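The values are calculated or read from the model by the stated rules, or taken from the named source; none is laboratory data. Note that the coordinates shown come from a computational prediction; the quantities given were computed from them, not determined experimentally. All Cβ positions, even for glycine, are placed from backbone atoms using ideal geometry, and neighbour counts span all protein chains on display. Just the protein is used for accessible areas: all its heavy atoms, side chains included, with ligands, DNA and RNA removed. Shrake-Rupley method; radii C 1.70, N 1.55, O 1.52, S 1.80 Å.
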Amino acid sequence: MSPGAVDLDRTAHEHADALRSGEYTAVELAAATVDRLRRQDEALHAYIAIEEERALADAALADEALREGEGGPLTGVPVALKDLIATAGLQTTAASRILEGYVPAEDATVAARLRRAGAVVVGKANLDEFAMGSSTEHSAYGPTLNPWDLDRVPGGSSGGSAATVAARGVPLALGTDTRGTIRQPAALTGIVRLKPPYGRVSRYGVVAFASSLEQVGPFGRDAEDVANLLAAIAGLDPRDSTTAPEPVPDYLPELGRGLDGLSVAVPDAFFEGAEEGVVEAVEAALDVLEANGARLVRGVDLSLAPAALPAYYLIAPAEASANLARYDGVKYGAGDTGGPGLWDEMERTRGAGFGPEVKRRIMLGTYALSAGYYDAYYLKAQRVRTLIREEFDRALAGHDLIVSPTTPGPAFRLGERVDDPWAMYLSDLYTIPANIVGYPAVSMPCGFVEGLPVGLQMLGRPFAEGTLLRATAAYQAVTDWHGRSPPVPDEAGRAP
């Protein structure tokens, strides 16, 4: 079978069915996928590295398992990994020059679990450097473009992962979410992304940014794909003390339960500042939820939610300044050895290795943690964080879900906000609260504004991500937004 004979527009679970039936092999699927990725990446630049040799080797192992009647829903299915997830034997850069040439000795826990599940890693996806950005324009390896409009950003920081799934390059991908950085790009590219509750998925082997906020999570095109990918990576990890001993449920039975009986809170705070077209698309989605059995409750008080944005931009840079202190050019990664002494070489390494956005956040964080300012800034932000969590707990005590737009507007143009950090940060206004409180949240496509996707966000109770998947599946069963494909790049990898 030639690579072009494999239908790459299928979802992951459709590929799994085809592989089990013998319609094509995992090696044929991997070869066709790599071929498409290479052609698409001329337009999208979604990848820092496409790993053909490793992909074909893993696919051959998947075929062997399938021939022996073994394997699960991910066996032989192509997956992309955000390039801050460590992969043994493959370079992991975090899209930064300071980690250029760094090859980890072992897989991150999530990468190891995917390999055990039989998934085929086809490449390392582009991102904002060290996940610090909302547009994937802050990559040391160049920006990723949005497949719906190549003049626009795909969101960030997991823009490469989102763009390649949206363009039907791969059916599945992993990203990380520190302030909505998989939900926001999912919304801007028209796919599904779930942020698990904090502690559900191990962060061992993931390049650290803000340790109390970030969580690895899945990208897919429908609820079933996201559920299968989450099930493969979730669960307690003795190498990550922040993972919770909560049992991982079977998500698939939840997908057929529908919306009957679900109470959905609609807070006004999450609609303030949203563009008119976004509000209209989200309101239409709420009508669908209500028509199919959900009970909408409007006016729920979440007046502290907007405070999550300034709190985040004190907490996250403070944690980043501590986490990134380890990059000195001595132990691993790139180093500038041209200085007269060790300290001078460290300064030269960090000055040349970090990009401007990373430097900005390191300086903000160092200032917030410095003597005389810790109480006024970092400690106060943590107190606000507690108040926000208490407010969300009150709202979720009486409701199953909190709904909102995922982003205030659709994808913005390349370069439009690069020199305006505050405008860039406002892209995450509605997604940050879920990271501040540590609760699960999902974004799914719910419409379009001038040809660009709009996302609906749902936030749930701690470790109740099954309810989010249930609601997502029910909505997708009666709508077709998730089935729409971007017009570019075309099958030949060309952009019109």
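Hey, if you put +1 on the Cβ of every Lys and Arg and -1 on every Asp and Glu Cβ in region 288-432, which of Ala423, Leu314, Thr386 ends up farthest toward the positive end of that dipole?
My answer, from the dipole projection, is Thr386.
Pairs of Cα atoms under 8 Å, at least six residues apart: use those to get the relative contact order of region 1-138, whole percent.
Value for region 1-138: 26 percent.
Contour minus end-to-end for Tyr374 and Glu53, with contour as 0.36 nm per residue of separation and end-to-end as the Cα-Cα distance?
Working: separation 321, 0.36 × 321 = 115.56 nm, distance 4.92 nm.
Separation in residues times 0.36 nm, less the Cα-Cα distance, equals 110.6 nm.
If you look at just the Cα atoms of region 152-216, how large are its Rg and its Dmax in Å?
Computed over the Cα atoms of region 152-216, radius of gyration and Dmax are 11.5, 33 Å.
Could you do me a favour and compute the accessible area per residue for the chain, 1.4 Å probe, result in Å²?
Working: 17520 Å² over 496 residues.
About 35 Å² of surface per residue is accessible.
Starting with the highest mean, order 465-473, 393-401, 176-184, 38-46 by the number of other Cβ atoms within 10 Å, averaged over the residues of each peptide.
The peptides rank, most packed first, as 176-184, 465-473, 38-46, 393-401.
What percent do you get for the relative contact order of region 372-456 when only Cα pairs under 8 Å and 6+ apart count?
Values: 62 pairs, mean separation 28.1, N = 85.
Averaging sequence separation for qualifying contacts and normalising by length gives 33 percent for region 372-456.
Suppose a student asked you for the relative contact order of the chain, using Cα pairs under 8 Å spaced at least 6 residues apart; what percent would you report?
Values: 1209 pairs, mean separation 92.2, N = 496.
Contact order relative to length: 19 percent.
Return the calculated 222 nm mean residue ellipticity for the chain, to the nearest 500 deg cm²/dmol, obtained by summing -39500 (n - 2.57) across DSSP H runs with n ≥ 4 and dividing by the residue count.
Values: 15 runs with 179 residues, N = 496.
The helix-only estimate for the chain comes to -11000 deg cm²/dmol at 222 nm.
Going by Cα centres, region 8-59 and region 119-153 are how many Å apart?
First find each Cα centre; the distance between them is then 19 Å.
Give the dimensionless ratio obtained when the Cα radius of gyration of the chain is divided by 2.2 N^0.38 Å. Walk me through the intermediate numbers first.
Values: Rg = 21.3 Å, N = 496, 2.2 N^0.38 = 23.3 Å.
So the Cα radius of gyration is 0.92 times the expected 2.2 N^0.38 Å.
Hey, if you put +1 on the Cβ of every Lys and Arg and -1 on every Asp and Glu Cβ in the chain, which of Gly256, Thr25, Ser404 ends up farthest toward the positive end of that dipole?
Ser404
List every residue whose amide H lies under 5 Å from the amide H of Ala208, counting only residues 5 or more places away in sequence or on a different chain, with H placed 1.01 Å from N in the peptide plane.
Here the answer is none, since no amide H 5 or more places off falls under 5 Å of that of Ala208.
Taking the simple approach of a point 7 Å from Cα along Cα-to-Cβ for both Arg116 and Ser263, what is their distance in nm?
Inter-label distance under the simple model: 3.9 nm.
Run the numbers for Trp422 and Gln382: contour at 0.36 nm per residue of separation, minus the present Cα-Cα distance, in nm.
Details: separation 40, 0.36 × 40 = 14.40 nm, distance 2.09 nm.
Separation in residues times 0.36 nm, less the Cα-Cα distance, equals 12.3 nm.
In µm²/s, what is D for region 164-263 at 25 °C and 0.890 mPa s, where D = kT/(6 pi eta Rh) by Stokes-Einstein and Rh is the Kirkwood radius from Cα pairs? Write down the numbers at each step before the final one.
Details: Rh = 14.4 Å.
Result for D is 171 µm²/s.
Enter the Cα centre distance for the pair region 287-361 and region 171-203, rounded to the nearest angstrom.
Region 287-361 and region 171-203 have Cα centres spaced 16 Å from each other.
For region 232-385, what D do you get in µm² per second when you plug the Kirkwood radius from alpha-carbon pairs into Stokes-Einstein at 25 °C and 0.890 mPa s? Write out the running numbers ahead of the final one.
Numbers: Rh = 20.6 Å.
Once the numbers are plugged in, D ends up at 119 µm²/s.
In region 300-399, how does Rg compare with the Kirkwood Rh, expressed as the Rg/Rh ratio over alpha carbon atoms?
Values: Rg = 18.5 Å, Rh = 15.7 Å.
Rg/Rh for region 300-399 comes to 1.18.
With each label point set 7 Å from Cα along the Cα-Cβ vector, what nm distance links Phe448 and Val478?
Here the answer is 2.3 nm between the modelled labels.
Using a Förster distance of 41 angstrom, determine the FRET efficiency expected from the C-beta separation of Ser21 and Ala88, and round it to 0.05.
Values: r = 32 Å, r/R0 = 0.78.
With R0 = 41 Å, the Cβ-Cβ based efficiency is 0.80.
In sequence order, what are the phi-derived ³J(HN,Hα) couplings for region 478-484 according to the Karplus relation 6.51 cos²θ - 1.76 cosθ + 1.60 with θ = phi - 60°, rounded to whole Hz, with x for glycine and proline?
Here the 3J(HN,Hα) series is 10, 9, 10, 4, 6, x, 7 Hz.
For region 355-401, what ratio Rg/Rh do Cα atoms give with a Kirkwood hydrodynamic radius? Numbers along the way, then the final one.
Values: Rg = 15.7 Å, Rh = 12.7 Å.
Looking at region 355-401, the ratio lands at 1.23.
Report Rg (one decimal) and Dmax (nearest whole number) for region 1-60, counting Cα atoms only, units Å.
11.7, 34
How much of the accessible area of the chain, probe 1.4 Å, is carbon plus sulfur, in whole percent? Present the calculation step by step, with values, prior to reporting the outcome.
Working: 9150 of 17520 Å².
The C+S portion of the solvent-accessible surface of the chain is 52 percent.
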